[in-house]
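All remarks here apply to the structure that follows.
The values are calculated or read from the model by the stated rules, or taken from the named source; none is laboratory data. Given the structure is predicted, the values throughout are model-derived calculations rather than measurements. In this analysis, Cβ positions are derived from the backbone assuming ideal geometry, glycine residues included, and neighbour counts consider all displayed protein chains. For the accessible areas, the whole protein counts, side chains as well, though only heavy atoms, and no ligand, DNA or RNA atoms are used. Shrake-Rupley method; radii C 1.70, N 1.55, O 1.52, S 1.80 Å.
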Amino acid sequence: MSMSTHPPASDALALDVRGLSVEFPTRKGVLTALSDVSLTIKRGEILGVVGESGAGKSMTGMAVLGLLEPPGRVSSGEIRIGGKRTDKLSEAEMASIRGSMVGAIFQDPLTSLNPLFSVGQQLIETIRLHSSRSRMDARARAIELLKQVGIPGADERIDHYPHQFSGGMRQRVVIALALAGNPQLIIADEPTTALDVSIQAQITALLRRLCREHGTGVMLVTHDMGVIAETADRVAVMYAGRVIEIGPVEEVLSRPKHPYTRGLMGSIPALGARVERLAQIDGAMPRLNAIPVGCAFNPRCLDAGSRCRQVRPALVTEGQGSVACLVHDGGVQ
Amino acid sequence: MRSANNALEVDQLSRTFDVSAPWLNRVIDRKPKRYLHAVQDVTFTVEKGKCLALVGESGCGKSTVARLVTGLYAPSEGAILFAPAVKGRGRGRPMEAQMIFQDPHASLNPRWRVGDIIAEPIREFGLRSGAEATEARVAELLRTVGLSPDDGKRYPHEFSGGQRQRISIARALASEPEFLVCDEPTSALDVSVQAQILNLMRRLQDELGLTYLFISHNLAVVRHMADRIAVMYLGRIVEEADTEALFANPQHPYTQLLLQTIPDVAAPNRDRELMGGEPPSPLDPPKGCAFHPRCPMATDQCSKTAPEVRARAGGGTVACHLAPAT
Ligand SMILES: Nc1ncnc2c1ncn2[C@@H]1O[C@H](COP(=O)(O)OP(=O)(O)OP(=O)(O)O)[C@@H](O)[C@H]1O
Ligand SMILES: Nc1ncnc2c1ncn2[C@@H]1O[C@H](COP(=O)(O)OP(=O)(O)O)[C@@H](O)[C@H]1O
Ligand code: SF4
Ligand code: SF4
Ligand SMILES: [Mg+2]
Ligand SMILES: [Mg+2]
């Protein structure tokens, strides 16, 4: 199987997010958690989302799933899943979209599984909710899904309960559950972080294969650049609630344009060779109530100039990707 | 001690936990007592001023070794021998190891100011005489780990994860140890912050001549930090060698599996095949070689007899029937 970075063009995007902002009204004022986030995912394409803790990766996924915790709300922008506008839907409408049009895989598989029901009951229910299959048909489909995610002895294990599976097996069940409604899009937030190293690669390879086969778009949120390098077609890098660089995976990882992406790449110890000192981005990501004026990265940026403290860079197209940095947009002075 | 160059020698160390059901349930269900062998027959040495890393999947016994070495657990069997300290209050007596944990939040008292957290060992052991000298020492330690003396007045919750890990390092250094046991010190941190902490730890090692026992599941981090690596599987060390030798020529099939499954940013394998097998339960370890159910090279012998630890071609040790003879 060939791994093309340019997935087959298709008229319907699995996900189309435009100018998305998310706010949290608090007693001390309104916190802007996401600001003007735009990204697209084609069908069958995997978009990796990376960035430091608190950058807004999970928030983006939760907004798409319609699972923002109150008082958090989408304050502007548009979200389309499989071409359908979803950001204005009611709670009930969104609940039916979850499962049929968009599936979710979280770090802890137990948050997605009900301990009181066998995995078969949960799969069959999801399948029947989104199709008109008979119970018998749905059970056969559930067994087929468990086989696809690599659960040995699926016809027997289907009647087992979540606690009878190991962590890696549970995450496979969650993937099967996410695929059960044949969604156009899957949000996978740190799906392998809680798993052992030798299991992580199994799960990401599985996710990649299944999404190609089913033509499902995936938003893969992870801290692990190695996982991104092996799994994603494109990458979005987030910082302080914004997308600061987005593009094809090999372009962003090997020729990063944004100073933050460059720092992030340099700070990863390589398996291949040992260096004396890792590149280091000094300082830390700003809190939401103290995001610097101009470019949010300017206090940590070695390339910053006076303009960076005044003008907030917009995402501009360059090469096959886009970058939000004044070096690429009129200069820093 | 076997060599004057060693800071620590660990000999055939084992630790067993009693995980039996309560007595009454056992009697009713007629079940025998159950024991979990968290660490079995582990032998290694750490040279002075060097860094030995323990790697392996979760539950393989890394933290148990760390707790044994720092005296938080008593060994069930075996010996732990530290070289005599050459400086500080315990000069001449065996070195005392200080520990740095994965979660700096849990290991710092939230009600104490950072300055008092760091000063505690200084006061307790009377390492400086008088409040002024203690305060000066705390300021010095804060600067050493890249914080400012003013940070001593603040509380732990006012700091980020990376800064809190710097505070735990400062506290560990306060008692002037020569040996640090670091259990997943950067696993809870972002890669960018991890780089800051790893750089700090390397610098401190050079400046203070520290010896490290470093625990991580991240092989790239281990490669960056360690002079020597011991790979653990289900309570035992299955391969041990110099870092470069281990990476260049892993001989145990489990080490090979680990090295193959780590996604590498510099050389991503985008055609990775699904690999089978999961870690078995430590309560019910497989007979013979514990790795045999997952081992692509396993033979009949592997499911019957456990391989002995023997000398590894190219230095170190390995426990596999098929490892090349030296
Ligand atoms: N309920 C809330 N009220 C106010 N701010 C919030 C709330 N939940 C999250 N935030 C803030 O929103 C920002 C983005 O959070 P998010 O969880 O998306 O980050 P992340 O990049 O996924 O981080 P991590 O990798 O740690 O999960 C952070 O600054 C976070 O503190
Ligand atoms: N206090 C304890 N009581 C019972 N079992 C324990 C205890 N501490 C550790 N274990 C078990 O010992 C094994 C090794 O644990 P640990 O050393 O913590 O693993 P890790 O390599 O993840 O740090 C695990 O199976 C763990 O469940
Ligand atoms: S806009 Fe300026 S501060 Fe921001 S990343 Fe670019 S150079 Fe650095
Ligand atoms: S002893 Fe046998 S089963 Fe164990 S690692 Fe070696 S070849 Fe594999
Ligand atoms: Mg998150
Ligand atoms: Mg541990």
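Numbers below:
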read-out	value
Test for B:ARG67: is it open to solvent by 20 Å² or more (accessible area, probe 1.4 Å), under 12 Å from B:VAL181 (Cβ atoms), part of a helix (DSSP H, G or I) and not hydrophobic (A, V, I, L, M, F, W, C)	yes
Any hit, the stretch B:73-92, residues being within 16 Å of ligand 4 (Cβ to nearest atom) and surrounded by 15 or more Cβ atoms within 10 Å (Cβ to Cβ)	no
Test for A:LEU264: is it touching a residue at least 12 places away in the same chain (Cβ under 8 Å), closer than 19 Å to A:VAL327 by Cα and buried (at least 17 other Cβ atoms within 10 Å of the Cβ)	yes
Criterion violated by B:ALA170 - all others in (1) closer than 24 Å to A:ILE281 by Cβ; (2) among the small types (Gly, Ala, Ser); (3) open to solvent by 10 Å² or more (accessible area, probe 1.4 Å) satisfied	(3)
Restricting the stretch A:17-39 to residues that are of a type in the set (S, T, N, Q) and touching a Ser or Thr at 6+ places or on another chain (Cβ under 6 Å), the residue that is nearest to ligand 2 (Cβ to nearest atom)	A:SER35
B:GLU135 vs. criteria more than 28 Å from B:THR186 (Cβ to Cβ) and either open to solvent by 50 Å² or more (accessible area, probe 1.4 Å) or assigned to a helix (DSSP H, G or I) (or both)	yes
Members of the stretch B:175-214 that are crowded, with 24+ Cβ neighbours inside 10 Å and away from chain A (no Cβ under 14 Å)	B:LEU180, B:VAL181, B:CYS182, B:THR211, B:TYR212, B:LEU213
Residue check for A:VAL227: in contact with a helix residue (DSSP H, G or I) (Cβ under 9 Å, 6 or more places away or on another chain) and more than 10 Å from chain B (Cβ to nearest Cβ)	no
Every residue from the stretch B:217-244 that is assigned to a strand (DSSP E or B) and open to solvent by 20 Å² or more (accessible area, probe 1.4 Å)	B:ARG228, B:ARG236, B:ASP242
In the stretch A:81-100, the residues that are farther than 22 Å from A:VAL22 by Cα and either in a loop (DSSP other than H, G, I, E, B) or open to solvent by less than 60 Å² (accessible area, probe 1.4 Å) (or both)	A:GLY99, A:SER100
Flag if B:SER160 is touching a residue at least 60 places away in the same chain (Cβ under 8 Å) and open to solvent by 10 Å² or more (accessible area, probe 1.4 Å)	no
Residue within the stretch A:315-324 that is touching a Lys or Arg at 6+ places or on another chain (Cβ under 9 Å), over 30 Å from A:ALA205 (Cα atoms) and not charged (D, E, K, R) present	yes
Tabulated pairs, the stretch A:138-161, first within 18 Å of A:GLY181 (Cβ to Cβ) and within 14 Å of chain B (Cβ to nearest Cβ), second open to solvent by less than 80 Å² (accessible area, probe 1.4 Å) and not aliphatic (A, V, I, L, M), C-beta under 7 angstrom, 6+ apart or interchain	A:VAL149/A:ARG172
Enumeration of residues in the stretch A:66-80 that are farther than 15 Å from A:THR26 by Cα, surrounded by fewer than 16 Cβ atoms within 10 Å (Cβ to Cβ) and within 16 Å of ligand 1 (Cβ to nearest atom)	A:LEU67
Residue check for B:LEU81: of a type in the set (A, V, I, L, M) and modelled with pLDDT under 90	no
Within the stretch A:52-80, tally of residues that are at pLDDT below 95 and assigned to a strand (DSSP E or B)	1
Within the stretch B:175-192, considering residues that are small (Gly, Ala, Ser) and over 23 Å from B:ASN6 (Cα atoms), the one modelled with the lowest pLDDT	B:ALA188
Qualifying residue in the stretch B:21-31 (condition: open to solvent by less than 80 Å² (accessible area, probe 1.4 Å), touching a residue at least 24 places away in the same chain (Cβ under 8 Å) and in contact with an Asp or Glu (Cβ under 9 Å, 6 or more places away or on another chain))	no
Residues being under 23 Å from B:ASP18 (Cα atoms), at pLDDT 80 or above and either assigned to a helix (DSSP H, G or I) or open to solvent by 50 Å² or more (accessible area, probe 1.4 Å) (or both) - total across the stretch B:254-295	3
Members of the stretch A:252-261 that are open to solvent by 20 Å² or more (accessible area, probe 1.4 Å) and either part of a loop (DSSP other than H, G, I, E, B) or of a type in the set (Gly, Ala, Ser) (or both)	A:SER254, A:ARG255, A:PRO256, A:LYS257
Check on A:ARG209, of a type in the set (Lys, Arg), open to solvent by 10 Å² or more (accessible area, probe 1.4 Å) and within 10 Å of chain B (Cβ to nearest Cβ)	yes
Flag for A:VAL332 being over 15 Å from A:MET238 (Cβ atoms) and either at pLDDT below 95 or in a loop (DSSP other than H, G, I, E, B) (or both)	yes
The one condition in (1) open to solvent by less than 10 Å² (accessible area, probe 1.4 Å); (2) modelled with pLDDT of 90 or more that B:PRO104 fails to fulfil	(2)
Enumeration of residues in the stretch B:138-157 that are small (Gly, Ala, Ser) and either surrounded by fewer than 20 Cβ atoms within 10 Å (Cβ to Cβ) or not in a helix (DSSP H, G or I) (or both)	B:ALA139, B:GLY146, B:SER148
Test: B:GLY314 is buried (at least 17 other Cβ atoms within 10 Å of the Cβ), more than 14 Å from B:ILE237 (Cα to Cα) and among the small types (Gly, Ala, Ser)	no
In the stretch A:282-329, the residues that are open to solvent by 70 Å² or more (accessible area, probe 1.4 Å), outside any helix (DSSP H, G or I) and within 26 Å of A:LYS28 (Cα to Cα)	A:ARG287, A:VAL293, A:GLN310, A:ARG312
Residue count for the stretch A:266-299, restricted to those that are within 9 Å of another protein chain (Cβ to nearest Cβ) and modelled with pLDDT of 90 or more	0
